[in-house]
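A.B. asks: Following this message is one structure expressed as structure tokens.
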Amino acid sequence: MDGNEAAAWGAKLSRAEVIPAYPITPQTELISQIAALISEGIMDAEYIKVEGEHTAMAAAIGASVAGARVFTASASQGIAFMEEALWMPPGRRLPIVMCMVNRAMAPIGGLRPDHNDALMQRDTGWIQLYCENSQEVIDTVIQSFKIGEDKRVCLPVAPCYDGYFVSATATPTTIPDQSEVDDFLPPYVHEMYNIMPGEHKPTGGSSDIAKARYEVEKAHERARGIIEEVDKEFGKRFGRCYDGLIEEYNCDGAEAVLVTMGSMTGTARDVIDEMRGKGKSIGLVKLKGFRPFPTEEFRKLGKKYNAIAVVDRNNSYGSAGGGIVSMEVARALYALDDRPLLVNFQVGLGGSDVTMRQIEYMAEETLEAVETGKVKSVVDWVELHDLGEVM
Amino acid sequence: MSQIVRSFRPVVDMEKCNKCTLCQIYCPEGTVMVVNKEKVVFDYRFCKGCGVCATECPTGAIGMEREA
Amino acid sequence: MELNKLFDEYYEKSYIQGGTTCCPGCGGPLFWRLALEVLGANTILYGDGPCAYCAIRNIKLPTFGIHFSFAADGATGIAAALRVKGRKDITLVSSAGDGATGDISFGKVSAAAERNENMIQICVDNEAYMNTGVQKSGLTPFGAWTTTTPLGKEAPKKEIPMILAQHKIPYVATASVAYPKDFQKKIIKAKGIEGFKYFHSVIPCPTGWRFDPAKSIEVIRLGVQTWAWPLYEIEGGILKLTMKPKRRPIEDYLKAQNRFRHLTDDQVKHIQAMTDQKRERLLQQDGKRIIF
């Protein structure tokens, strides 16, 4: 099953009731799969064939305030087009779930993935969870409804996964049992804004602006714990869990770690395994939760390892220092008295492959930094080097 | 509650009024009412003094008086 | 006080609180009082911001206010949720100003019409972006002054009701707050029809049209009498004029508003010719199928 099919099944098993969506590569297979599931009678939902992504999100908002469980998906230019609307669900505290099928933004980039499309929405208030493969996609979609709808959270959630590498690559995937999912995820009860006659709850006035924003921030704070809690409960029930916001992989006794996000994590696992086999002292950290950002977790990593190398599949023009994730990590580590080295890499921009050789190179550079105690450059654009043969 | 600032206020001369209710129908703010077909009353809490009631009154029973 | 209590009860009954933040003489609150009286309590109102919102904020029924780039779309979601919940008893009203309907959300209204979403789509048309301080919209009439058309608008007003009718939706109506009975009859009719109903009313704006607020109803009535804003409905593709006033010079309407005071005689003649053409065409088509 590929990532898009997995996301569609995730929505189906979660009993999403309203799905407003507009097609965009590489998300299209997801929504046509949903249309197929509905037309075959496997899924019972209202699929609204809207005329653009802005409307997709607006209709999602409308359906959500009227008490429906809502799912949608988009990518790249589509996410950018709906950006105005993306600010509404966190502000109105609507637990919409939207898959962001990562794809590079135009004009420098193709149809393939990098993470700028989702990362540029980091300030909107959406929870963002990055997935590595189809199994994680289906599981994360189901978990996302549970997280977002939790009374202590009431926030929209975006399961993110790389276009093509995850969306169109079939990997062995277990489809959870419907009755098990029903037990795990009870029907949606509308906790916050409600527009139904007789149940109408108005929102606060404009004098409460700072307070309302602080409430959203607090909800993100609480979400950290709840993402872990939901993941653990999911693990108990379904036998698979993802260690909450970050996963440390093959890190025992390592001096340094590479931090990856999305599909490249799968490649990195193989490279790290091989390097550990050769006695290299480097582990892997998979960053799953970008919002809320695992600040405390990174501080713990900072105390444990001598160097943290962030692999950014995105860039922030003019930042003069690494991609978006590395800036977040730097911020987290700044509070430490004894800070580790921070090494920044940018790779896979515009959807080019992140190869095993590139990961090996980044690992070696990081270990060299540990050895010399120095980081060569503020950020290393890996693709600008000729690294020779693949590993 | 903040005060409505108004330059003129409507006043009615019940002698001239024919109880047609046009003032009530057309008042933009809903601050004019004909009570029991015998009395025209204004809600001065919310009346903005636009003067639509006076203009629409077919018998000239409503006049606009300058606020003190 | 006894009188206050009386009015408070009246506001409850008409579902709109007096004391809106609208300008004196604004047709907005009047529009909503007329509409809500016949829509009734079991209504959800989804509406766009600025001017319209000044009145919507005072409405006592469930409302969802949003920016004017969101016309009809959120209501589409609400309609879907109502279908999911099997709530056929609720009337869904989606409101937008002229700027939303004619400009920024034109595609959204068109798409909702194409999908035949079950809602009454309303256009509260004051013929410019008034809340931002009188800027030209696609529904500003030819020749009208606005702050972005200091010499008068160069292009004619978009015929949104006719464009929407071409979407083959079940019901289209134009109305005026100067004709409350006609207005309410059309809302009642729209409420009883399944699918996408489009209801468009020009409302007076003393601030942006530059006239004495006391003349609000007089001016908007002149709009109908001079055929600047003809009242009709299109049901099942058949046009029906609901008001057929005798020809009256358009000058009467233009002269009543300072937004037209710079017009030359030639320009007035041009507007008269256009209006006559429209009047004749509508009279010819009255009672006939115009949408195929």
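The values are calculated or read from the model by the stated rules, or taken from the named source; none is laboratory data. Owing to the predicted nature of the structure, the values given are computational and were not obtained by experimental measurement. Positions of Cβ are backbone-derived with ideal geometry, glycine not excepted, and every protein chain shown enters the neighbour counts.
A.B. asks: A:I359: surrounded by 13 or more Cβ atoms within 10 Å (Cβ to Cβ), touching an Asp or Glu at 6+ places or on another chain (Cβ under 7 Å), closer than 18 Å to A:V259 by Cβ and at pLDDT 95 or above, yes or no? If you could, list the steps in order and put the result at the bottom.
C.D. replies: Values: surrounded by 13 or more Cβ atoms within 10 Å (Cβ to Cβ): yes; touching an Asp or Glu at 6+ places or on another chain (Cβ under 7 Å): no; closer than 18 Å to A:V259 by Cβ: yes; at pLDDT 95 or above: yes.
So A:I359 does not fit the description; no.
A.B. asks: Show me the helices (runs of 4 or more DSSP H) found entirely inside region A:1-118 where at least 2 residues are more than 14 Å from chain C (Cβ to nearest Cβ) and buried (at least 23 other Cβ atoms within 10 Å of the Cβ). Working first, answer last.
C.D. replies: Details: elements: A:3-13, A:28-39, A:53-65, A:76-81, A:83-86, A:88-92.
Passing ranges, in order: A:3-13, A:28-39, A:76-81.
A.B. asks: Also, I was wondering about something else. From the residues in region C:34-52 that are touching a Gly at 6+ places or on another chain (Cβ under 7 Å) and surrounded by fewer than 24 Cβ atoms within 10 Å (Cβ to Cβ), which one is farthest from the other protein chains (Cβ to nearest Cβ)? Full working, then the answer.
C.D. replies: Of the residues in region C:34-52, the ones touching a Gly at 6+ places or on another chain (Cβ under 7 Å) are C:46-52.
Cutting the leftovers down to surrounded by fewer than 24 Cβ atoms within 10 Å (Cβ to Cβ) gives us C:49-50.
On the way: C:G49: 13, C:P50: 15 Å.
Here the residue is C:P50.
A.B. asks: All but one of (1) aliphatic (A, V, I, L, M); (2) free of Cβ contacts under 8 Å to residues at least 24 places away in the same chain; (3) part of a helix (DSSP H, G or I) hold for B:A54; state the number of the condition that does not hold.
C.D. replies: (2)
A.B. asks: Give just the number: which of (1) in contact (Cβ under 8 Å) with a residue 24 or more places away in the chain; (2) under 16 Å from the mean Cα position of the chain (by Cα) does C:E159 not satisfy?
C.D. replies: Looking at each condition in turn, C:E159 falls short on (1).
A.B. asks: Looking only at helices (runs of 4 or more DSSP H) that lie completely in region C:1-70, which have at least 1 residues being among the charged types (D, E, K, R)?
C.D. replies: Working: elements: C:2-13, C:28-39, C:50-56.
Qualifying helices (runs of 4 or more DSSP H): C:2-13, C:28-39.
A.B. asks: Among the numbered criteria (1) surrounded by fewer than 22 Cβ atoms within 10 Å (Cβ to Cβ); (2) touching a helix residue (DSSP H, G or I) at 6+ places or on another chain (Cβ under 9 Å); (3) assigned to a loop (DSSP other than H, G, I, E, B), which one does C:T140 miss?
C.D. replies: Condition (1) is where C:T140 drops out.
A.B. asks: Taking the options A:E191, A:E229, A:E199, name whichever one is modelled with pLDDT of 95 or more and within 25 Å of A:L94 (Cβ to Cβ).
C.D. replies: Details: A:E191 fails: modelled with pLDDT of 95 or more; A:E199 fails: modelled with pLDDT of 95 or more.
One residue alone meets the criteria, A:E229.
A.B. asks: Quick one: would you say C:G102 is more than 9 Å from every other protein chain (Cβ to nearest Cβ) and in a helix (DSSP H, G or I)?
C.D. replies: Numbers: more than 9 Å from every other protein chain (Cβ to nearest Cβ): yes; in a helix (DSSP H, G or I): yes.
Yes: the conditions hold for C:G102.
A.B. asks: Within the bounds of region C:172-186, is there any residue that is out of contact with any Pro (no Cβ under 8 Å at 6 or more places or on another chain), within 14 Å of chain B (Cβ to nearest Cβ), assigned to a strand (DSSP E or B) and modelled with pLDDT of 95 or more? Step through it out loud before you land on a result.
C.D. replies: First pass over region C:172-186, keeping only residues out of contact with any Pro (no Cβ under 8 Å at 6 or more places or on another chain): C:175-176, C:178-186.
Of the ones still in play, those that are also within 14 Å of chain B (Cβ to nearest Cβ) are C:176, C:178-184.
With the extra rule that they be assigned to a strand (DSSP E or B), the set shrinks to C:176.
Subsequent filtering for residues that are modelled with pLDDT of 95 or more retains C:176.
Yes.
A.B. asks: I'd like to check something: does region B:11-21 contain any residue that is buried (at least 17 other Cβ atoms within 10 Å of the Cβ) and within 15 Å of C:A214 (Cβ to Cβ)?
C.D. replies: Checking region B:11-21: not a single residue is buried (at least 17 other Cβ atoms within 10 Å of the Cβ) and within 15 Å of C:A214 (Cβ to Cβ).
A.B. asks: While we're looking at this one, here's another question. Any residue at all in region A:148-163 that is assigned to a loop (DSSP other than H, G, I, E, B), among the aromatic types (F, W, Y), away from chain C (no Cβ under 14 Å) and within 13 Å of the chain's Cα centre (by Cα)? Spell out the reasoning first.
C.D. replies: At the first step, the residues of region A:148-163 found to be assigned to a loop (DSSP other than H, G, I, E, B) are A:150-156, A:163.
Now restrict to residues that are among the aromatic types (F, W, Y): none.
No, region A:148-163 contains no residue that is assigned to a loop (DSSP other than H, G, I, E, B), among the aromatic types (F, W, Y), away from chain C (no Cβ under 14 Å) and within 13 Å of the chain's Cα centre (by Cα).
A.B. asks: Which pairs have Cβ atoms under 9 Å, sit 6 or more apart or on different chains, and link a residue in region C:1-12 that is more than 9 Å from every other protein chain (Cβ to nearest Cβ) and in contact (Cβ under 8 Å) with a residue 24 or more places away in the chain to one that is acidic (D, E) and surrounded by 10 or more Cβ atoms within 10 Å (Cβ to Cβ)?
C.D. replies: Nothing qualifies.
A.B. asks: Also, I was wondering about something else. Do you know which residues across region B:23-52 are of a type outside the set (F, W, Y), more than 14 Å from C:Y10 (Cβ to Cβ) and within 9 Å of chain C (Cβ to nearest Cβ)?
C.D. replies: Passing the criteria: B:P28, B:K48, B:G49, B:C50, B:G51, B:V52.
A.B. asks: Given the structure, is C:I238 within 16 Å of the chain's Cα centre (by Cα), at negative phi and modelled with pLDDT of 95 or more? Even if it seems obvious, please write down each step before you answer.
C.D. replies: On the way: within 16 Å of the chain's Cα centre (by Cα): no; at negative phi: yes; modelled with pLDDT of 95 or more: yes.
For C:I238, the condition - within 16 Å of the chain's Cα centre (by Cα), at negative phi and modelled with pLDDT of 95 or more - is not met.
A.B. asks: Hey, another quick one. Taking only region A:298-322 into account, find how many residues are modelled with pLDDT of 95 or more, within 21 Å of the chain's Cα centre (by Cα) and buried (at least 20 other Cβ atoms within 10 Å of the Cβ).
C.D. replies: Residues that pass the stated criteria total 9.
A.B. asks: If you take the residues of region C:83-99 that are more than 10 Å from every other protein chain (Cβ to nearest Cβ) and over 30 Å from B:E29 (Cβ atoms), which of them is nearest to the chain's Cα centre (by Cα)?
C.D. replies: Initial filter on region C:83-99 (more than 10 Å from every other protein chain (Cβ to nearest Cβ)): C:86, C:88, C:93, C:95-99.
Still in the running and over 30 Å from B:E29 (Cβ atoms): C:86, C:88.
Details: C:G86: 30, C:K88: 25 Å.
Out of the qualifying residues, it is C:K88.
A.B. asks: Take region A:362-378 and flag every residue that is at pLDDT 95 or above, assigned to a loop (DSSP other than H, G, I, E, B) and not charged (D, E, K, R).
C.D. replies: A:G373, A:V375
A.B. asks: Does region C:72-82 contain any residue that is part of a strand (DSSP E or B), within 12 Å of chain A (Cβ to nearest Cβ) and closer than 30 Å to C:E114 by Cα? Lay out the reasoning, then the answer.
C.D. replies: Applying the first criterion (part of a strand (DSSP E or B)) to region C:72-82 yields none.
No: region C:72-82 contains no residue that is part of a strand (DSSP E or B), within 12 Å of chain A (Cβ to nearest Cβ) and closer than 30 Å to C:E114 by Cα.
A.B. asks: To continue, here is another question. I need the full set of residues from region C:179-221 which are hydroxyl-bearing (S, T, Y) and under 25 Å from C:N131 (Cβ atoms), in order please.
C.D. replies: Filtering region C:179-221 for residues hydroxyl-bearing (S, T, Y) gives C:179, C:198, C:201, C:207, C:216.
Passing the criteria: C:Y198, C:S201, C:T207, C:S216.
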